[in-house]
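**Q** Take a look at this one; I'll ask things after.
The values are calculated or read from the model by the stated rules, or taken from the named source; none is laboratory data. Note that the coordinates shown come from a computational prediction; the quantities given were computed from them, not determined experimentally. Note that we place each Cβ from the backbone using ideal geometry, even for glycine, and neighbour counts take in every protein chain shown. When the accessible area is computed, the model is the full protein with side chains, heavy atoms only, and any ligands, DNA or RNA have been set aside. Shrake-Rupley method; radii C 1.70, N 1.55, O 1.52, S 1.80 Å.
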Amino acid sequence: MKYVILGAGPAGVTAAETLRNVDPTATITMIGGEPEPPYSRMALPYLIYGKVGEDGTYLRQDPKHYDDQRIRYIQGRAGGIDSRAKKLSLSTGEVLDYDKLLIATGANPIMPPIPGSNLEGVETCWTLEDARQILKYADKDSPVVLVGAGFIGSIILEALYLRGCKITVVELAPRMVARMMDETAGGMLGRWCESKGVKVLTNTRVDSLAKGEEGQPRLQVGFSNGESAPADLVVLAVGVRSNTGFLVGSGVKTNTGIVVDNYLQTTAPDIYAAGDCCEGIDISTGKPDMLAIQPVAVEHGRIAALNMAGHKHHHRGSLNMNVLDTMGLISSSFGLWQGAQVGETAKLVDEDNFKYMKLEFEGDKLVGAQCVGMTDHVGMLRGLIQTGFSLGEWKDKLLVSPERLREAYLAVAHAHPTTGPMAPHINTPRVGNHAGASGH
């Protein structure tokens, strides 16, 4: 059996290793789009602020790992797929035959149409090469403008802050992390950043980028509110888009990402998809969605590989979850954090101490949550939401006293001693869960 994996991020690497485990005699080829060993994009902030070196970003530390696993790892990008002939054309000119193909091409950063975005010192933070360029300009006390205060932007913010940069954050939305937090939580994060010396501009966009005057920082950044700021570095973090353009004419259907069934198979025979490029099932809604977080990419890679090898494994869905460290303030959101259409909400708010908990219920089930400054409950929230167990009388108790979550969790776990949320979900998710799968 010839397996080809297009993409060498967490989804692709997990799939390759799973295939080797379940099919010891197979031929496995994994293709990465960058001249680097397979690495995690989530580790790039750690590289930027000096916690790890470049090798610390690698998904597998042993340089002989892929050879030992008999996984052929090559560099290249997809030129096209002939799904009838089962051939994959690469930009290198090589054509690979396959019996089963996995597309795990991840995503690429969106480049906003800002005049001057091609100037020196204007960077994204998506690849190892991007990180190398950022390190050239992000010195201590250097003025930096960060465009975008979503999840990815906030992770980059943490790294730049730890390097000692003087940061201005520009966000078009009315609050930070608007896609994972409500007004209360996003407002807390903004006030926290300002208390740490970061300037936060919301409801604001960057209108222009120009070269700075001689003897001044290399860039001058113009904002829609009429203000401007000098910068040695501008980092663009306004979102990502799935890498699917090469699929035209392949028979693989795409919407926002690649359409897959409950076994992660695409609309083309013997072609599967996983990770940031794939519309997997959101367990909270039962509908396809783009859940671009690293645990989901790993889960997709494993399940897709099992199905490619003939071990039928149904994908019941993944939990949308984000855990973020913003200069020491931990925030998290899970599931239907915005609330169910017909549901009830419990809140615990301490604005002065940057603490917030919001629980969302549908019937007697916990379906969503968000927290700021409260880390003890993260694993419990994940477990209760993901398992979907009934809370019974504890639902009404939590509506009155959400701080009693631990008691509710233990009661539910006791009621389900073998299948309850405690065993599989007690661990706190790693801070910064974006998948960051390596491109094709």
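**Q** Output the number of residues of segment 90-118 satisfying the condition of being open to solvent by less than 20 Å² (accessible area, probe 1.4 Å), hydroxyl-bearing (Ser, Thr, Tyr) and either within 25 Å of the chain's Cα centre (by Cα) or under 26 Å from GLY239 (Cβ atoms) (or both).
**A** 1
**Q** A further question follows. Would you be able to say whether some residue in segment 305-321 is in contact with a Phe, Trp or Tyr (Cβ under 6 Å, 6 or more places away or on another chain), modelled with pLDDT under 95, buried (at least 23 other Cβ atoms within 10 Å of the Cβ) and closer than 27 Å to ILE155 by Cβ?
**A** The answer is yes, given that some residue of segment 305-321 is in contact with a Phe, Trp or Tyr (Cβ under 6 Å, 6 or more places away or on another chain), modelled with pLDDT under 95, buried (at least 23 other Cβ atoms within 10 Å of the Cβ) and closer than 27 Å to ILE155 by Cβ.
**Q** Sticking with this structure for a sec: Looking only at segment 183-203, how many residues end up being open to solvent by 10 Å² or more (accessible area, probe 1.4 Å) and assigned to a loop (DSSP other than H, G, I, E, B)?
**A** Qualifying residue count for the region: 4.
**Q** Looking only at segment 65-89, count how many residues are assigned to a strand (DSSP E or B), free of Cβ contacts under 8 Å to residues at least 60 places away in the same chain and surrounded by fewer than 19 Cβ atoms within 10 Å (Cβ to Cβ).
**A** Of the residues in that region, 5 qualify.
**Q** Suppose the filter is buried (at least 24 other Cβ atoms within 10 Å of the Cβ), on the phi < 0 side of the Ramachandran plot and in contact with a Pro (Cβ under 6 Å, 6 or more places away or on another chain); does ALA8 pass it?
**A** In short, yes.
**Q** Within segment 119-129, is even one residue among the aromatic types (Phe, Trp, Tyr), touching a residue at least 24 places away in the same chain (Cβ under 8 Å) and farther than 30 Å from VAL4 by Cα?
**A** Of segment 119-129, the ones among the aromatic types (Phe, Trp, Tyr) are 126.
Among the residues that remain, those that are also touching a residue at least 24 places away in the same chain (Cβ under 8 Å) are: 126.
Then drop every residue that is not farther than 30 Å from VAL4 by Cα, which leaves none.
No - not one qualifying residue is present in segment 119-129.
**Q** Which is over 22 Å from the mean Cα position of the chain (by Cα) and either among the charged types (D, E, K, R) or under 20 Å from ALA138 (Cβ atoms) (or both), of ARG179, ARG175, ARG191?
**A** Values: ARG179 fails: over 22 Å from the mean Cα position of the chain (by Cα); ARG175 fails: over 22 Å from the mean Cα position of the chain (by Cα).
Of the residues listed, the single one that is over 22 Å from the mean Cα position of the chain (by Cα) and either among the charged types (D, E, K, R) or under 20 Å from ALA138 (Cβ atoms) (or both) is ARG191.
**Q** Kindly state which strands (runs of 3 or more DSSP E) lie completely within segment 233-278 and contain at least 3 residues that are under 21 Å from PRO10 (Cβ atoms).
**A** So the answer is 240-242, 271-273.
**Q** Could you tell me whether segment 324-336 includes any residue that is touching a Cys at 6+ places or on another chain (Cβ under 7 Å), modelled with pLDDT of 95 or more, among the hydrophobic types (A, V, I, L, M, F, W, C) and not in a helix (DSSP H, G or I)?
**A** No, segment 324-336 contains no residue that is touching a Cys at 6+ places or on another chain (Cβ under 7 Å), modelled with pLDDT of 95 or more, among the hydrophobic types (A, V, I, L, M, F, W, C) and not in a helix (DSSP H, G or I).
**Q** Which residues, counting only those in segment 329-373, are open to solvent by 10 Å² or more (accessible area, probe 1.4 Å), touching an Asp or Glu at 6+ places or on another chain (Cβ under 9 Å) and either farther than 25 Å from LYS397 by Cα or touching a residue at least 60 places away in the same chain (Cβ under 8 Å) (or both)?
**A** TRP337, GLN338, LYS358, VAL367, GLY373
**Q** Follow-up. Can you tell me which residue is nearest to MET180 (Cα to Cα) among those in segment 374-385 that are in contact with a helix residue (DSSP H, G or I) (Cβ under 6 Å, 6 or more places away or on another chain) and either open to solvent by 30 Å² or more (accessible area, probe 1.4 Å) or not in a helix (DSSP H, G or I) (or both)?
**A** Across segment 374-385, the extreme among qualifying residues is ARG382.
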